[in-house]
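Have a look at the structure below before the remarks.
The values are calculated or read from the model by the stated rules, or taken from the named source; none is laboratory data. These numbers were taken from a predicted model, which means no experiment stands behind them. With ideal geometry, Cβ positions are generated from the backbone for all residues, glycine too; neighbour counts draw on all protein chains shown.
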Amino acid sequence: MATANRDVREIIREGPLRRHEILKVLEDGPRTVPEIAQAIGAPTHEAMYWVMDMRKYGWVTELPDPDDDGLFSYRALERKGA
Amino acid sequence: MDYDALVVGSGIGGMESALKLGDMGYKVLVVEKEASIGGKMILLSKVFPTLDCASCISTPKMAATIHHPNIKVLTYAEVEQIERDPSGRFHATIRKNPRFVDEDACTGCQQCEMACTVAVPDQFNSDLVARRAAYIAFPQAVPKKAVVDRPGTSPCTFTCPAGIKAHGYVSLTRSGEYEKAFNLILETTPLVGSLGRACFAPCEEECSRGSLEGPVPIRRIKRFIADTHYASGRPLGVQPQADQGKRIAIVGSGPAGLTAAWQLRLMGYGVKVFEAASVPGGALALTIPAYRLPGDVVAQDVQNLRDIGVEIEVGHRVDDLEALHASGFDAVLVATGTPRSGRLGVAGEDLQGVAPALRFLEDTKLGRAGSLGGKHVVVVGGGNVAIDAARSARRLGATVEQVCLEQRREMPAFDWEIDEAIAEGVVLHDGWGVASVLGEGGVAGIALKRCTQVFDEAGRFSPAYDETVRRELSCDAVIVAIGMGPDTEAFGGTVRLQRNRTVATDKQTLQSSVPYIFACGDVVTGATMITQAVGSGRRAAYMIDRYLSGEDFEADAFDARMPKVEPADVLRRQKSHSRKDPLLSGKETLAEPRDFHELEAPLTEDEAHYSAGRCLDCGVCSECHECVNTCPADAIHLDMRPETIEAEVGTVIVSTGFKLFPADLKPQYGYGRFKNVITGMQMDRLLAPTRPYNKVLRPGDGRIPDRIAYVMCTGSRDETVGNPLCSKICCMYSIKQNQLIMGNLPTADVTVFTIDVRTAGKGYDEFYVQSKAMGVNFIKGRISEIRELQNGNLIVRYESIEDGGGAREEEFDLVVLAVGVQPNLDTRRLFAGDELSHDAYYYVEETDEDLSPGETSIRGVFVAGAASGAKDIPESILHAGAAVAQAAAYIEETRVSV
Ligand SMILES: Cc1cc2nc3c(=O)[nH]c(=O)nc-3n(C[C@H](O)[C@H](O)[C@H](O)COP(=O)(O)OP(=O)(O)OC[C@H]3O[C@@H](n4cnc5c(N)ncnc54)[C@H](O)[C@@H]3O)c2cc1C
Ligand code: SF4
Ligand code: SF4
Ligand code: SF4
């Protein structure tokens, strides 16, 4: 995790671009943020911005309970639009 | 007088001041620079020590403020200047920034935000999550109205002569919305595929990314959008408006004529285009070589026009414009371009084998040119057309030499074109003029003379030669590409022409000397570029519509651009930019090109995505029009502009609050570098009901934190950052958060590193004692360093002050920096004339803090809340009361004396 950080603005700007990749990963079922990050080959904290963006705008939602490591899994929701 | 009082800033101090004055019967104007009133309080989780929900106690105050009969609230507005006059009254100049949303129509449904294609950090969530360019500040915003974040027009869109929303289609492509991107371009022109290939892309020259690794390939993205649409076989997503009952004739089917035809047909006019050539498209179809722009692409673009009912008649040369009018057309648009090639004016020019470039290119594009295998061709000219002719002749099998007056660096052709021509075997002789064409009966060669100067000192075209330096080239054919001009003699009896035979029009309205005749494109300007011709066609359509509807032209309204956002300002928004290399050009040139297949490869979907992802969203809003198309209330109006409001007021209350200490100024704590080091304000957001995540989670990986550390006095009581003051609120908000964390995450351990805990206030110490009893561990110690581990955990190294001292280390999942407050320096430029004094720490100075709190150095100006120094909510409310009492006294006093 100790990698050089990109500017937050730059990470967030990529949200709409990364959304397609993340939705593809979630086609196989709910995933935690570190699992999503690994699947799309991105740093975990960057995936966190994108998943929380998608949660805020109705693309994903969390399962009710976290796993033993304290991680929630997120699943895709039906939604259209940009 | 317009208002008794002006309140600047609408946090709790400002709202309280306005409400009290309003209740006393005074008329109050509140000016708030954000999109909602409420200040910082509305963003908090709960308040200490009562643990009342912050939004539950704030929202009623916000609602009362906005609905108060004596209070007028301006949000998204800034006070530019306030000046006191001799009578003791104040004159305020206020800039109302455009929301681009009609506040009366907007219902706050948030559909615009859901549809918007641009993501930026959400300042109301302390950048923990994204918001959109179109957004509602936060769920309890008052007024709950959307706003579009749009500081100006993006450089690409600003530069496009056609008026295409370049940034808009780039952001739609990034979102995977290719069909919407296609429709966005159709708002301007139907020639999407042609522009995606043959436009010289002035947008890319201005692209902000250009000063990093290279511009976004805006044109190639357009080609991708066009190819994707045409490959899908989808019907057009646009329809003309209801029939207007009027008909327009358009003469010429180049990009100018076709764009005007498209626009006018969409407005509901009957449109017929007359074209002299055998195919429609003008230069697109006739002269731009197929290796740059294949004929079937032009045909697809032209089909768009037919699909919406534009009639196109080819093989019909128009010479009599009046006759067209007489035959029932209400207006006539001349868009005949510059189809005549310039002449050399030298001996031998009329020999068999000398051809004007436009005829050669047209014959080539329409398949009428024969092979030039074994022939030797000389092309004369240094511009784009000469290059096109030379490269075309290579493809027909000739060996080609190109001669031009200019030195290579002066040639009007683009560098990349010249490079490509040379790579394809064209031999360039720069700095030569033509003395004569040699031969008897047919071309045998060409005689050249040294050109010593092309332009005079004033930059005018004025070639000079050294007649003594000569050379000859032998050849079988000469192609002349030295300029183009209009073919308008036939129109001369009807409309006024300029000396160069272009049609004379009003620059803005494009109306000719005959009111019903308009002209656009190169026939007005002389030879330019496709994208300029498209822009001119769009303008002509707008003006013809105004003319036919009997309205004023209002020509200024045609250009909807805002001032350009400067690339340097765009780059400054980020601390760093990671490297994202541009794609290679996608062109493979051959030394022996033998056919006209398209040279440039299309972008794959991944490449288009990647390239669109390099865009920096310069103007924030991309003008993709998704919000406009989505809003059910039709509330979004991107044509709104800033307004200046002048107000005369009796007194001023400054309640602009405070700023938070930027935690990255303490680099040893790692804020901004370590993902799980956050600020106190960020923790308040994580604990608030409207939190950015689904629970209190670490930003680094979304894990629920078990061990949480607090670092008190971050940026306060700290000479190293120039702030020896105690911020008063951080101890108490940290203790509040400790208790809320215990409630939210029952298994979490909370450790607070502190110099000493300051809890002056009613019930405050009890609150502190209570949190110790709940298990919060307070350690007296100074943090010397924080380190990040591979798993995102943090090692806190501290000097213990108790238990015998010494350096110790402890591991945590999450570290919260209890950042302190800083003055808001906005107050320093509020007043003109009298100076508003500030104290040694740059807070607004109270001239007699002990006896009359709230009084400032300017008579009649009062300060309320944290603008004068750190205060918590109850103190700010009390302080506002003190300011209001004095402000009321001042209003009465000046009322009596005026
Ligand atoms: C070889 C060449 C390459 C170029 N390459 C590029 C490029 O890559 N990118 C770029 O941006 N620009 C390029 N340009 C410039 C660009 O083509 C012009 O700026 C643009 O086409 C001008 O558009 P227009 O509609 O005004 O005129 P035109 O495209 O010339 O269209 C005028 C039309 O009117 C018709 N017409 C003329 N007289 C009559 C009449 N009396 N009755 C009926 N019809 C008539 C003509 O046949 C023609 O079809 C190039 C130009 C040439 C010649
Ligand atoms: S979609 Fe329209 S009505 Fe809804 S919030 Fe946006 S601007 Fe307001
Ligand atoms: S025009 Fe597009 S980018 Fe701009 S606010 Fe609307 S949806 Fe967002
Ligand atoms: S970075 Fe994006 S918005 Fe800015 S000029 Fe380039 S393409 Fe346009």
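For a quick check of your reading: which helices (runs of 4 or more DSSP H) sit entirely within the range A:15-82 and have at least 2 residues that are β-branched (V, I, T) and more than 10 Å from every other protein chain (Cβ to nearest Cβ)?
Here the list reads A:15-26.
Cβ-Cβ under 8 Å, sequence separation 6+ or interchain: first residue in the range B:147-162 and under 19 Å from B:S194 (Cα atoms) and more than 16 Å from ligand 3 (Cβ to nearest atom), partner among the β-branched types (V, I, T) and assigned to a loop (DSSP other than H, G, I, E, B). Which pairs?
Listed pairs, sorted by first residue: B:A162/B:T188; B:A162/B:T189.
Restricting the search to the range B:84-99, which residues are over 30 Å from A:R13 (Cα atoms) and either within 14 Å of chain A (Cβ to nearest Cβ) or in contact (Cβ under 8 Å) with a residue 60 or more places away in the chain (or both)?
B:R84, B:S87, B:G88, B:R89, B:F90, B:H91, B:A92, B:T93, B:I94 - these are the residues of the range B:84-99 that are over 30 Å from A:R13 (Cα atoms) and either within 14 Å of chain A (Cβ to nearest Cβ) or in contact (Cβ under 8 Å) with a residue 60 or more places away in the chain (or both).
Could you say which residue among B:Q140, B:Q123, B:Q81 is closer than 29 Å to B:V7 by Cα, of a type outside the set (A, V, I, L, M, F, W, C) and without any contact (Cβ under 8 Å) to a residue 24 or more places away in the chain?
After applying the criteria, what remains is B:Q123.
Working only within the range B:65-83, note down all residues that are in contact with a helix residue (DSSP H, G or I) (Cβ under 6 Å, 6 or more places away or on another chain) and among the hydrophobic types (A, V, I, L, M, F, W, C).
Within the range B:65-83, B:I71, B:V73 qualify.
Which of the residues belonging to the range B:698-752 are modelled with pLDDT under 95 and on the phi > 0 side of the Ramachandran plot?
B:C713, B:G715, B:R717, B:G722, B:K728
Here is a yes/no grid of residues against (1) of a type in the set (S, T, Y); (2) within 16 Å of ligand 2 (Cβ to nearest atom); (3) closer than 21 Å to B:S622 by Cβ:
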site	(1), (2), (3)
B:S175	yes, no, yes
B:L195	no, no, yes
B:F200	no, no, no
B:G214	no, no, yes
B:A231	no, no, no
B:Q244	no, no, no
B:R247	no, no, no
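Name the single residue that is farthest from the other protein chains (Cβ to nearest Cβ) among those in the range A:1-14 being in a helix (DSSP H, G or I) and in contact (Cβ under 8 Å) with a residue 12 or more places away in the chain.
Among those that are in a helix (DSSP H, G or I) and in contact (Cβ under 8 Å) with a residue 12 or more places away in the chain, it is A:I11.
Can you pull out every residue in the range B:141-174 that is polar (S, T, N, Q) and either within 16 Å of ligand 1 (Cβ to nearest atom) or over 19 Å from the mean Cα position of the chain (by Cα) (or both)?
B:T159 - this is the single residue of the range B:141-174 that is polar (S, T, N, Q) and either within 16 Å of ligand 1 (Cβ to nearest atom) or over 19 Å from the mean Cα position of the chain (by Cα) (or both).
Please give the number of the condition B:R131 fails out of (1) charged (D, E, K, R); (2) free of Cβ contacts under 8 Å to residues at least 60 places away in the same chain; (3) closer than 30 Å to B:R95 by Cβ; (4) not in a strand (DSSP E or B).
Unmet condition: (4).
Would you confirm whether any residue within the range B:175-186 is polar (S, T, N, Q), surrounded by fewer than 24 Cβ atoms within 10 Å (Cβ to Cβ) and more than 14 Å from every other protein chain (Cβ to nearest Cβ)?
No: the range B:175-186 contains no residue that is polar (S, T, N, Q), surrounded by fewer than 24 Cβ atoms within 10 Å (Cβ to Cβ) and more than 14 Å from every other protein chain (Cβ to nearest Cβ).
Pick out, from the range B:762-864, the strands (runs of 3 or more DSSP E) lying fully within it that include 2 or more residues that are closer than 21 Å to B:S716 by Cα.
By residue number, B:777-788, B:794-800, B:814-819, B:821-823.
If I ask for residues that are within 15 Å of ligand 4 (Cβ to nearest atom), away from every other protein chain (no Cβ under 14 Å) and surrounded by 22 or more Cβ atoms within 10 Å (Cβ to Cβ), which ones from the range B:133-152 would you list?
Matches in the range B:133-152: B:R150 only.
Which of the residues that make up the range B:106-138 are away from ligand 3 (no atom under 11 Å from the Cβ) and touching a Gly at 6+ places or on another chain (Cβ under 7 Å)?
Across the range B:106-138, the qualifying residues are B:A130, B:I136.
Restricting to the range B:1-26, count the residues that are under 34 Å from the mean Cα position of the chain (by Cα) and among the charged types (D, E, K, R).
Result for the range B:1-26: 0.
Those residues that are touching a residue at least 40 places away in the same chain (Cβ under 8 Å) and within 28 Å of B:P49 (Cα to Cα), I need them from the range B:851-868; list them, please.
B:V863, B:A864, B:G865, B:A866, B:A867
What's the total number of residues in the range B:589-646 that are within 16 Å of ligand 1 (Cβ to nearest atom) and charged (D, E, K, R)?
2
Enumerate the pairs (first residue in the range B:507-532 and among the charged types (D, E, K, R); second residue anywhere and more than 16 Å from ligand 4 (Cβ to nearest atom) and in a loop (DSSP other than H, G, I, E, B)) with beta-carbon separation below 7 Å, excluding pairs fewer than 6 apart on the same chain, so at least 6 apart or on different chains.
That search, which allows pairs on different chains as well, returns B:D522/B:G337; B:D522/B:T338; B:D522/B:T528.
Would you confirm whether any residue within the range B:661-670 is touching a Leu at 6+ places or on another chain (Cβ under 7 Å) and aromatic (F, W, Y)?
Yes, that holds for at least one residue.
Within the range B:589-625, which residues are within 16 Å of ligand 4 (Cβ to nearest atom) and not in a loop (DSSP other than H, G, I, E, B)?
B:E607, B:A608, B:H609, B:Y610, B:S611, B:A612
Give the residue, chosen from B:E177, B:E205, that is within 16 Å of ligand 1 (Cβ to nearest atom) and in contact (Cβ under 8 Å) with a residue 24 or more places away in the chain.
B:E205
If we keep just the residues of the range B:98-127 that are assigned to a loop (DSSP other than H, G, I, E, B) and touching a helix residue (DSSP H, G or I) at 6+ places or on another chain (Cβ under 6 Å), which is farthest from ligand 1 (Cβ to nearest atom)?
Selected residue: B:S126.
Given the options B:D556, B:D606, B:D617, name the one that is within 13 Å of chain A (Cβ to nearest Cβ) and loosely packed, with under 11 Cβ neighbours inside 10 Å.
B:D606
Considering only residues that are over 30 Å from the mean Cα position of the chain (by Cα), more than 6 Å from ligand 1 (Cβ to nearest atom) and among the β-branched types (V, I, T), look in the range B:248-296 and name the one that is surrounded by the most Cβ atoms within 10 Å (Cβ to Cβ).
Among those residues, the one meeting the criterion is B:I250.
Tally up the residues in the range B:165-207 that are of a type in the set (A, V, I, L, M, F, W, C), within 14 Å of ligand 3 (Cβ to nearest atom) and assigned to a loop (DSSP other than H, G, I, E, B), please.
0
Please enumerate the residues belonging to the range B:60-94 that are β-branched (V, I, T) and buried (at least 17 other Cβ atoms within 10 Å of the Cβ).
Across the range B:60-94, the qualifying residues are B:T65, B:I66, B:I71, B:V73, B:T75, B:V79, B:I82, B:I94.
Could you list, in sequence order, all residues of the range B:100-129 that are hydrophobic (A, V, I, L, M, F, W, C) and either within 16 Å of ligand 4 (Cβ to nearest atom) or away from chain A (no Cβ under 13 Å) (or both)?
If the condition is that a residue be hydrophobic (A, V, I, L, M, F, W, C) and either within 16 Å of ligand 4 (Cβ to nearest atom) or away from chain A (no Cβ under 13 Å) (or both), then B:F100, B:V101, B:A105, B:C106, B:C109, B:C116, B:V118, B:A119, B:V120 are the ones that fit.
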